[in-house]
Amino acid sequence: MPTLAELEFLAHAHVHKSTSGVPEGEAEVTLISKRLPDPASRNDMYLVSQEGRYRNEAFDFMARGHPSGFAS
């Protein structure tokens with residue numbers, strides 16, 4: 001998992017603005033993986049929210065007190 005400091009370099013959101021500075025449309029997001037896939041093989045990727053999962057600058061694998069990180 002990336003550190004909290006690395007997230008700044010791995011994700012970016014941008015909203016286009018009109019010439020008068022008014023936001024137009026929806027935000028566009030760019031995400032970059034910390035690891036690149038092998039180009040010679042099939043790769044599946046999943047986008048998973050990490051919101052609320054960082055504690056003290058590091059990813060909290062034991063979020064909410066559950067070993068899997070998910071509440072049952």
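Across the range 27-42, the qualifying residues are those that are more than 18 Å from the chain's Cα centre (by Cα) and not small (Gly, Ala, Ser), and the one among them that is nearest to residue 57 (Cα to Cα) is 38. Taking the criterion of being at pLDDT below 85, closer than 22 Å to residue 3 by Cβ and touching a helix residue (DSSP H, G or I) at 6+ places or on another chain (Cβ under 8 Å), would at least one residue in the range 38-49 satisfy it? No, the conditions are met nowhere in the range 38-49.
Name the single residue that is surrounded by the most Cβ atoms within 10 Å (Cβ to Cβ) among those in the range 1-23 being of a type outside the set (A, V, I, L, M) and under 27 Å from residue 57 (Cβ atoms). It comes out as 2. For beta carbons closer than 6 Å, sequence separation of 6+ or different chains, a first residue in the range 1-23 that is free of Cβ contacts under 8 Å to residues at least 24 places away in the same chain and a second that is polar (S, T, N, Q) and surrounded by fewer than 11 Cβ atoms within 10 Å (Cβ to Cβ), the qualifying pairs are 12/30.
The values are calculated or read from the model by the stated rules, or taken from the named source; none is laboratory data. Small disclaimer: the values here were computed from a predicted structure and weren't measured. Because the Cβ atoms are built from the backbone with ideal geometry, glycine has one as well, and the counts that use them run over all protein chains shown.
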